[in-house]
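This report refers to the structure that appears directly beneath it.
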Amino acid sequence: MVVADILPKEGRECADLIESASGRAHFVHTDVRRSDACDRMVSEAVRAFGGLDLAVNAAGVMDGYAPDES
């Protein structure tokens, strides 16, 4: 799995957690607002794992927002 995140510390921690559970993970520092960064992330996935089978974009910003608990 490629973990792509704009936050390097958190992204590496996520990849480390996957690997500690016997998974394979590769972290790529990525700002999904930039197409060149997304292109680099895909290239890194292909280099690290030999291809890209699936991509999930779960990017979001929650600063200043509380979950709706109604």
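The values are calculated or read from the model by the stated rules, or taken from the named source; none is laboratory data. Since the structure is predicted, the reported quantities are computational estimates derived from the model, not experimental observations. So basically every Cβ, Gly included, is an ideal-geometry build from the backbone, and we count neighbours across all protein chains shown. When the accessible area is computed, the model is the full protein with side chains, heavy atoms only, and any ligands, DNA or RNA have been set aside. Shrake-Rupley method; radii C 1.70, N 1.55, O 1.52, S 1.80 Å.
Based on this model, can you work out whether Ala4 counts as free of Cβ contacts under 8 Å to residues at least 60 places away in the same chain, under 10 Å from the mean Cα position of the chain (by Cα) and open to solvent by less than 70 Å² (accessible area, probe 1.4 Å)? Criteria met by Ala4. Can you find a residue in the range 18-29 that is hydrophobic (A, V, I, L, M, F, W, C), modelled with pLDDT of 95 or more and assigned to a helix (DSSP H, G or I)? Yes, that holds for at least one residue. If you go through the range 7-40 and pick out every residue that is open to solvent by 40 Å² or more (accessible area, probe 1.4 Å), within 9 Å of the chain's Cα centre (by Cα) and of a type in the set (A, V, I, L, M, F, W, C), you end up with 1.
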